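The values are calculated or read from the model by the stated rules, or taken from the named source; none is laboratory data. These numbers come from a predicted model, not from an experiment. Note: ideal-geometry Cβ built from the backbone for every residue, glycine included; neighbour counts use all protein chains shown. Quick note on the areas: whole protein, heavy atoms, side chains included, nothing else; ligands and nucleic acids left out. Shrake-Rupley method; radii C 1.70, N 1.55, O 1.52, S 1.80 Å.
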Amino acid sequence: GDKVCNVDKHAEGDLNQVAQVEILNKTAADVRIVISGTNQISVHLYGNVSGNMEMKQPRLSIQKKGDTQTITANWDNNWQKRAWFNVHVRSDLKLDVTVPATYKGALRVTTASGDVSAEGFHGKTLEVKSSSGDVMINDFSGELCKIATASGDVTGKNIQRSEERRVGKE
């Protein structure tokens, strides 16, 4: 019999004086970037994890240090080491990150496994690093869109580079 762990965690943070949002996903959850009319960044980690051993809740945190807001979803290190030896684990975890449409800074996603999707982000930089998983980017405009995956498909449409406009004296 498999043991099941139901996950439903939330976190919020402000983007006041934030130039960069980093998302560090170490849970194999699929990451979805959602753009909204809210004034805060919010995170929702949800789904089920099952396996033939006792399942532990993953951790979800959001911390601001300097001009960087860091979102981390990960497992307890001791549990993660035990989880991969002589056991099977299945997960359908999802990590939704809701970003205000007014945020124009950098957005960086790093994930070991899981798909990543972002639609409608218009900021300075969108960067995705994945060891495994598909990456889908739609309707992005900014200075840089950088995608790296060792294994997975990369798709995108309506990706545009926007130039910073400088206004000088005439």
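Looking at region 4-19, which of its residues are under 14 Å from Thr70 (Cα atoms) and either open to solvent by less than 30 Å² (accessible area, probe 1.4 Å) or among the hydrophobic types (A, V, I, L, M, F, W, C) (or both)? Spell out how you get there, then give the answer.
Narrowing region 4-19 to residues under 14 Å from Thr70 (Cα atoms): 11-19.
Correct list: Ala11, Gly13, Leu15, Val18, Ala19.
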Does at least one position in region 58-81 carry a residue that is hydroxyl-bearing (Ser, Thr, Tyr), in a strand (DSSP E or B) and open to solvent by 50 Å² or more (accessible area, probe 1.4 Å)? no
Being touching a Leu at 6+ places or on another chain (Cβ under 9 Å), in a strand (DSSP E or B) and over 21 Å from Asp153 (Cα atoms) is the filter here, so list the residues in region 98-127 that pass it. Val99, Pro100, Ala106
Find all pairs meeting these conditions: Cβ atoms under 7 angstrom apart; at least six residues apart or on different chains; first residue within region 49-66 and over 15 Å from Thr27 (Cβ atoms); second residue among the hydroxyl-bearing types (Ser, Thr, Tyr) and assigned to a strand (DSSP E or B). Gln63/Thr70
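Does Glu22 satisfy the criteria of being loosely packed, with under 15 Cβ neighbours inside 10 Å and not polar (S, T, N, Q)?
Considered against the rule, which asks whether it is loosely packed, with under 15 Cβ neighbours inside 10 Å and not polar (S, T, N, Q), Glu22 comes out as no.
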Would you check which residues across region 9-58 are within 17 Å of Arg108 (Cα to Cα) and out of contact with any strand residue (DSSP E or B) (no Cβ under 8 Å at 6 or more places or on another chain) and list them? Gln17
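Residues checked against (1) of a type in the set (Asp, Glu); (2) more than 29 Å from Gln40 (Cβ to Cβ); (3) at pLDDT 95 or above:
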position	(1), (2), (3)
Trp79	no, yes, no
Leu95	no, no, yes
Asp134	yes, no, no
Lys146	no, no, no
Asp153	yes, yes, no
Residue check for Ala112: within 17 Å of Arg32 (Cα to Cα), at pLDDT below 90 and out of contact with any Cys (no Cβ under 9 Å at 6 or more places or on another chain): yes
Within region 46-57, the residues that are open to solvent by 20 Å² or more (accessible area, probe 1.4 Å), of a type outside the set (Lys, Arg) and out of contact with any Lys or Arg (no Cβ under 6 Å at 6 or more places or on another chain) are Asn48, Asn52, Met53, Gln57
Which of the residues spanning region 35-45 are surrounded by fewer than 16 Cβ atoms within 10 Å (Cβ to Cβ) and in a strand (DSSP E or B)? Ser36, Gln40
